[in-house]
Ligand code: 5BU
């Protein structure tokens, strides 16, 4: 049996981190592998999208530092909506400093990310100290970490040696690192979860070197698990209809992959 023939639910049994199990189970129960990248700048807009599109998604991905009117009340409301609509919250913070600094950035400051985000992510560039720092804050709160293995932007510097070293670093923290931001599946171990940004109905890019793949390419051809869609949904005339369409495309690609084994 190959990893690609396993259901998300089957793979939950291989995960050490409870939040990874929860995410994989939620995806099969809710039948969605769609993450919404809610890249908006007002609290009201963010809440409105979480309320409207929450039923369609497994994850709400935030950039909390682009919100112009942030208050702690916003993250409390997001948590309530996550419970109501059964999705997890992923703050796309991309930590990139030494362990001692990221500890403070994760736990404190204005945003107190560890208090409300089930998942966050970090660059592996500084070495394992960054994970040790985040672990000290996040592990006891049952949070999970994603490492950035491969970005979607053209010209990024993450070559195959960097990706392999990132994978090896993740393997040292199996109860906290739950997977990767990547364009391709990276290993045959079933416990890793792969999230792919840069997804749109039509491949192409934007004027700032973002590159897009289709949901089918990400999930079926490149073997990843979750499609992250921002402007493909938010810039559409009818975001709800568009979210349902991405949800269907992502799910069909997952079923097709499992069938192909
Ligand atoms: P888009 O509107 O679907 O292009 O938004 C993509 C989102 O994913 C946006 O929030 C980026 O910050 C995020 N992203 C990405 O596009 N590519 C990457 O490699 C990583 C994150 Br990591």
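None of the figures in this text is laboratory data; all of them are computed from the coordinates on show. Fair warning: this is a prediction, and the values are worked out from it, not measured in the lab. FYI the Cβ positions are ideal-geometry reconstructions off the backbone, even for glycines, and counts take in every protein chain you see.
Observations on the model:
- Virtual spin-label span in nm between residue 98 and residue 221, 7 Å along Cα→Cβ: 4.4 nm
- The GNM of the chain, with springs linking C-alpha atoms under 10 angstrom apart, assigns the highest mean-square fluctuation among 36, 81, 147 to 81.
- Residue-span extension gain [residue 157 to residue 184] - 0.36 nm each, minus C-alpha spacing: 8.1 nm
- Max mean-square fluctuation residue, GNM over the chain, Cα-Cα springs under 10 Å, options 224, 101, 182: 101
- Over the chain: helical MRE at 222 nm, DSSP H runs n ≥ 4 each giving -39500 (n - 2.57), nearest 500: -11500 deg cm²/dmol
- For the range 3-260, DSSP calls about 5 percent of its internal beta bridges antiparallel.
- Multiplying the residue separation of residue 52 and residue 29 by 0.36 nm and subtracting their alpha-carbon distance yields 6.3 nm.
- Pair residue 258, residue 70: separation of 7 Å Cα→Cβ label points (nm): 3.8 nm
- Sequence-separation-based contact order of the chain, relative, with Cα cut under 8 Å and 6+ spacing, percent: 21 percent
- Full-stretch length increase - residue 86, residue 7 - with 0.36 nm per residue and alpha-carbon distance subtracted: 26.5 nm
- Pair residue 206, residue 112: separation of 7 Å Cα→Cβ label points (nm): 3.1 nm
- Three-way shape call for the range 3-260 based on the alpha-carbon gyration tensor, with the a/c threshold at 1.5: rounded
- Using a Gaussian network model of the chain in which every pair of alpha carbons under 10 angstrom is joined by a spring, one finds that among 227, 66, 89 the greatest mean-square fluctuation is at 66.
- The Cα atoms of the range 1-115 give a gyration tensor whose axes a ≥ b ≥ c have a/c of 1.5 or more with a/b no greater than b/c, which makes the shape oblate.
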